[in-house]
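Taking it in order: structure first as structure tokens, then the write-up.
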Amino acid sequence: MPENKSHYYDGIIYDKFIAPNQDLLFRLISGMIKENSTVLDVGCGTGRLAFQLAGKCKEVVGIDLSLRNIKRAEKNRQKNKVENVRFLHTSLEELTGTLNEKFDYVVMTYVIHEVPPEERMQLFEELKEAGKKIILGDYLIPRPKGYPYYMTEFIEFIAGRSHYHGFKTYEKNGGLRPLFEQAGLKIIKEIKGKPETAHIILAEVNSTKE
């Protein structure tokens, strides 16, 4: 069984009050994905992005280490009778060991900043094993000044000590782009500041290195 990694806000709180704030980010990510694609959503939360992709994609699989999030996502799936979306309580490492072929896209939003810095490249290797293209959305570094700066600081601080430590190392190390470069990924497209605090990168996995 996978580790059950839960936050106090997982489940209904995340579904009702946190995930809706990411709709602009999700729409931009959806616009990067070609129709009839297969998509893996890593750290899918309660499935909001997966449901937005369901209408244009062949198949969407959402995975999360939080059992509360997965149960909420599955409840939403059944309620809305969405047939081409699946939710699994599993880790990316465990899932990649069972794949017969890669997903067209692997998406991960607001996950990498809370991963311990020494584990980030291993996670990128797993992302590369799972998908032909990788899309990450996370905080824009350097952070916009003023209200967004202090609000981001507050949100990350109240998420817990280990989460906050991960965020601060993510910021110190320059955010998303250095991670993609270190992982040897070919960046195809970037969107910065939509929403104001966000950074999205689409990259292609180099087939010669697979």
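Bear in mind that the values in this text are calculations on the coordinates, not laboratory data. This is a predicted model, so every value here is computed, not measured. Neighbour counts are summed over all protein chains in view; Cβ atoms, including those assigned to glycine, are modelled from backbone coordinates with ideal geometry.
Below, the figures for the structure above:
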| read-out | value |
| --- | --- |
| Between the range 57-121 and the range 154-175, the Cα center-to-center distance that results, in Å | 22 |
| Listed peptides 18-28, 105-115 by packing density, highest first (mean Cβ within 10 Å) | 105-115, 18-28 |
| Lys pairs under 21 Å by Cα in the range 1-115, provided they are eight or more residues apart or on distinct chains | 19 |
| Cβ-based charge dipole, the chain, positive-most Cα from Ile187, Gln52, Ile135 | Gln52 |
| Estimated [θ] at 222 nm from DSSP helical runs (n ≥ 4, -39500 (n - 2.57)) normalised by residues in the chain, nearest 500 | -11000 deg cm²/dmol |
| For the chain, built as a Gaussian network whose Cα springs stay under 10 Å, the top-fluctuating residue of Asn173, Asn100, Asn36 | Asn100 |
| Mean Cβ count within 10 Å, highest first, over the residues of peptides 138-149, 42-53, 193-204 | 42-53, 193-204, 138-149 |
| Qualifying aspartates and glutamates (Cα of each under 13 Å from Cα of Lys189; at least 8 residues distant if same chain) | Glu204 |
| GNM result for the chain, Cα springs below 10 Å: residue of Glu101, Glu171, Glu129 fluctuating most strongly | Glu101 |
| Surrounding net charge for Leu88, when Lys and Arg each add one and Asp and Glu each subtract one, Cβ distance under 11 Å | -3 |
